[in-house]
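Single-structure report; data block below.
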Amino acid sequence: MIDASGQERRVIWALWLAAALVAAAGLMPFVFGGTSSRIASAIIPFGIGAIALAACAVFHSQGRTTLSVIYFVAGLAIVYGLLSIFSLPVRLAALGTCPALPAPCRTGLPRPMTDGENNGIGAAAFCGIAGLLLGFYGLVIAFRRPVLRQGAPPVRKIPPMDKAAPAPAPEPAPAEAKAAPAPAEPKAAEEEPELPAHEEEELPELPPHESSSATT
């Protein structure tokens, strides 16, 4: 038997925890690098991702389509935040940097990354990726739970068939059965008259036959 209430709790906790991790990812550049950090702008996409994951936790029972669309928006925002923080070291590596402070920068190139920015990038990337994966875990659980049909039960549209009419009860037999008339005995076959015995008539004897070829 599927524990629907347990799955419901896991979906809610997974999505809320994912939203908290993504929100923390947006704050990490300020925690390690302060307001002067060059990756501080990542708080905007991470904040949008955290709000979207919180919306997933609130509207998780509105249907799979709604949940998927909101999580897609959250995923785009988190990925954009990760790209924004990783773009700084890539840009510095491609353009080059000035010497570290307090040395003067005469070329106009940006300064190298500070320890606070390095730590902020690592912490923000860890929290952002963890929140993205945890949100996906909650989405998978939400898709595997049984679908609960809401609303009134279906109404039968075809009218029910009429029940077969009961067979008529047999009529009660009369108390006194009328005696049926006895069948008439067949008349004795009339005896045919006996014919007289056949008598053979005696025929007269014929004279002996004389052959015409007798010798004289």
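Counting just the residues of segment 94-117 that are at pLDDT 85 or above and exposed (fewer than 15 other Cβ atoms within 10 Å of the Cβ), which one comes out nearest to Gly26 (Cα to Cα)? Residue satisfying both the conditions and the ranking: Asp115. Restricted to segment 71-93, and to residues there that are surrounded by fewer than 15 Cβ atoms within 10 Å (Cβ to Cβ), among the aliphatic types (A, V, I, L, M) and within 21 Å of Asn119 (Cα to Cα), the residue that is modelled with the highest pLDDT is Leu83. Kindly check whether there is at least one residue in segment 85-98 that is within 25 Å of Ala142 (Cβ to Cβ) and touching a residue at least 12 places away in the same chain (Cβ under 8 Å). No, that holds for no residue. On the stretch given as segment 1-40, residues that are among the hydroxyl-bearing types (Ser, Thr, Tyr) and either assigned to a helix (DSSP H, G or I) or surrounded by 15 or more Cβ atoms within 10 Å (Cβ to Cβ) (or both) total 2. In this structure, does Leu101 turn out to be hydrophobic (A, V, I, L, M, F, W, C), in a helix (DSSP H, G or I) and out of contact with any Pro (no Cβ under 6 Å at 6 or more places or on another chain)? Against the criterion (hydrophobic (A, V, I, L, M, F, W, C), in a helix (DSSP H, G or I) and out of contact with any Pro (no Cβ under 6 Å at 6 or more places or on another chain)), Leu101 does not qualify.
Tell me which residues, restricted to segment 1-41, are farther than 30 Å from Phe59 by Cβ and charged (D, E, K, R). Answer for segment 1-41, where residues must be farther than 30 Å from Phe59 by Cβ and charged (D, E, K, R): just Arg38. So Ser5 clears everything in (1) among the small types (Gly, Ala, Ser); (2) more than 24 Å from Pro89 (Cβ to Cβ); (3) at pLDDT 90 or above except one condition, right? Which one? Just one mismatch for Ser5, condition (3).
Just to check your reading of the model, which residue among Gly49, Gly81, Gly75, Gly34 is on the phi > 0 side of the Ramachandran plot and out of contact with any Cys (no Cβ under 7 Å at 6 or more places or on another chain)? Selected residue: Gly34, the only one of Gly49, Gly81, Gly75, Gly34 that is on the phi > 0 side of the Ramachandran plot and out of contact with any Cys (no Cβ under 7 Å at 6 or more places or on another chain).
The values are calculated or read from the model by the stated rules, or taken from the named source; none is laboratory data. Owing to the predicted nature of the structure, the values given are computational and were not obtained by experimental measurement. Note that we place each Cβ from the backbone using ideal geometry, even for glycine, and neighbour counts take in every protein chain shown.
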